[in-house]
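A.B. asks: Submitted below is the structure of interest, expressed as structure tokens.
What follows draws every value from the coordinates through simple rules; no lab data is involved. All values derive from a computational prediction rather than experimental measurement. Positions of Cβ are generated from backbone atoms using ideal geometry, with glycine treated the same way; all protein chains shown enter the neighbour counts.
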Amino acid sequence: MRIREIVNETQLLDLREDWDNLLKHSPSRSVYMSFEWIYTWWRYFARGKLFVLVAESNGQVRCIAPLMLTRERFLGMPYTRVRFIGSDPTGTTKRNVLDKLFSIDKRYGWSDILDFLYRAEDLESLRATLEYLKRQRGRWDILDLRELHSSTSSIGLLKSTFGCTDCLFNDVAAKVAIVSLETDFETYRKTRKRNWRKNISRTYKRVNKLPRLVLGKYVTPTEVAGIMPAVIDLEQKSWQGNCGVGAFSQKNAGQFHRELAELLARRQRFVLYTLESDGRIVCYQYAFWYNNQLCLHNTAMDPDFRYYSPGFYLQLRIIQEAFSHQMQQIIFGRGREDYKTKLKNSEEDRIWITVFGTRLVPRVLGCLEFKARPMMKYLIRGSKNGNGAPRSINVANRARKEIADVAICNYHTLKKSIDKMLSAGSKYLWLARSLR
């Protein structure tokens with residue numbers, strides 16, 4: 001099997017037909033892995049160099065790895081990272097000081113799911129692609145693959161290819177809220193909590209008081225092109241005065257989403273829902289149709305209508321329509337927003353696979369990311385998760401008190417503080433494991 005590299009946009013465009021054919025049979029097929037998404041993303045957010053790998057046999061494309069190479073610095077140390085195209089952080093959320101000092105940037109990217117493109121029955125081509133990537137270790141220090149679906153075969157092959165000789169870490173990067181559409185809307189509604197059902201009634205009564213209420217649905221390229229400027233303006237307004245920036249607020253991000261919407265609309269893969277009152281857009285939902293799934297990518301509402309909970313009303317109407325069209329599921333995307341928690345009836349994991357190479361710099365980065373940072377994070381914030389750390393308030397308070405000695409960032413002071421805590425009793429032994 002022959003592996004070739006795609007290193008410029010002209011070569012990438014030539015791959016479009018084979019890309020589309022392979023995507024139809026790929027186990028993790030999604031709009032975020034479509035050629036329109038990947039190519040448009042690269043045009044607007046390109047950073048580094050294209051490193052797309054194509055596995056061919058007898059003139060047939062059997063596997064595509066949509067990767068890129070970026071040159072970066074961490075604590076002053078330069079390193080080269082390989083990652084999926086489309087996985088760069090969006091920049092819509094801020095990083096705290098601890099993350100900046102001790103962590104590779106783990107903020108969400110634009111894409112909700114990413115993977116290698118291959119036929120489910122053709123693991124041989126994926127294995128050959130990964131072996132080639134392993135042989136190219138002299139060109140990269142960190143293999144950083146995020147947003148993998150938890151059920152993809154890529155995870156097992158990555159572990160078997162890199163797990164024995166390299167420093168490989170496997171982590172759940174995010175939880176994705178799902179509404180499974182196996183029954184009907186009425187059955188789904190009855191499975192919700194009683195207070196939630198009452199909230200539905202209140203929301204419907206409030207929203208129906210709005211004058212000249214219209215539920216809009218824009219699917220054709222002409223309709224989408226006409227409504228997108230108003231949607232971008234609303235999204236920017238909804239974020240004013242809030243922490244971070246909106247997904248469309250940056251100039252290139254707004255242009256990216258506008259062009260992408262028109263491209264996907266031509267292939268009947270895009271839909272924009274709006275709730276309008278008296279000719280004014282109250283809220284919207286920017287979404288994708290693909291593989292009998294509806295992926296809700298971005299939403300915002302006019303702050304002037306917050307009392308009516310129009311976003312919640314629109315989400316319910318979308319779910320009701322999806323049930324009537326007998327779709328498979330609705331994907332709300334990553335994040336722990338309150339409306340996702342209330343509406344979901346299942347979840348999916350997105351996996352983050354990180355392989356640190358054999359050189360000194362990537363090894364140091366690996367230790368800082370997966371050993372030093374978790375310990376520092378617990379000492380500052382206290383235990384907030386279910387990873388085996390004690391949840392006692394006394395433990396958290398004791399940890400915060402000890403971190404006062406660590407503020408000067410001196411290694412010996414840090415070690416002394418930890419030794420003090422270890423001597424306090426067995427309930428601190430989990431910290432010792434973090435240091436090994």
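A.B. asks: Sorting check: for 339-345, 127-133, which peptide has the highest mean count of neighbouring beta carbons within 10 Å, and how do the rest follow?
C.D. replies: Top to bottom by mean Cβ count within 10 Å: 127-133, 339-345.
A.B. asks: Continuing with the same structure: Structure shown: which of 24/340; 217/340; 217/237; 251/340; 205/340 lie over 26 Å apart, alpha-carbon to alpha-carbon?
C.D. replies: Numbers: 24/340 29 Å; 217/340 21 Å; 217/237 21 Å; 251/340 28 Å; 205/340 21 Å.
From the list (24/340; 217/340; 217/237; 251/340; 205/340), the Cα-Cα distance tops 26 Å for 24/340; 251/340.
A.B. asks: How charged is the neighbourhood of residue 149? Take every other residue with its Cβ under 9 Å from the Cβ of residue 149, and add Lys/Arg as +1 and Asp/Glu as -1.
C.D. replies: Result for the local shell: -3.
A.B. asks: Which net charge results for the neighbourhood of residue 332, defined as the other residues with beta-carbon distances under 13 angstrom from its beta-carbon, given Lys and Arg at +1 and Asp and Glu at -1? Numbers along the way, then the final one.
C.D. replies: On the way: positive: 175, 334, 336, 340, 342, 344, 350; negative: 112, 337, 338, 347, 348.
So the surrounding residues net to +2.
A.B. asks: Can you tell me what the convex hull of the Cα atoms of the stretch 138-275 projects to on average, as an area in nm²? Mind dumping the intermediate values first?
C.D. replies: Numbers: hull surface 58.5 nm².
Taking a quarter of the hull surface, the average projection is 14.6 nm².
A.B. asks: Cβ neighbours within 10 Å, averaged per peptide: list 177-184, 196-203 in order, most packed at the top.
C.D. replies: Sorting 177-184, 196-203 by mean packing, highest first, produces 177-184, 196-203.
A.B. asks: On to the next question. Using the beta-carbon distance between residue 197 and residue 278 and R0 = 41 Å, what value does 1/(1 + (r/R0)^6) give for FRET efficiency, to the nearest 0.05? Working shown, then result.
C.D. replies: On the way: r = 29 Å, r/R0 = 0.72.
So, using R0 = 41 Å, E works out to roughly 0.90.
A.B. asks: Now for a different question. What does the charge add up to near residue 7, with Lys and Arg as +1, Asp and Glu as -1, over the other residues with Cβ less than 13 Å from its Cβ?
C.D. replies: Result for the neighbourhood of residue 7: 0.
A.B. asks: Of the peptides 263-273, 13-23, how do they stack up when ordered by the mean number of other Cβ atoms within 10 Å, highest first?
C.D. replies: 263-273, 13-23
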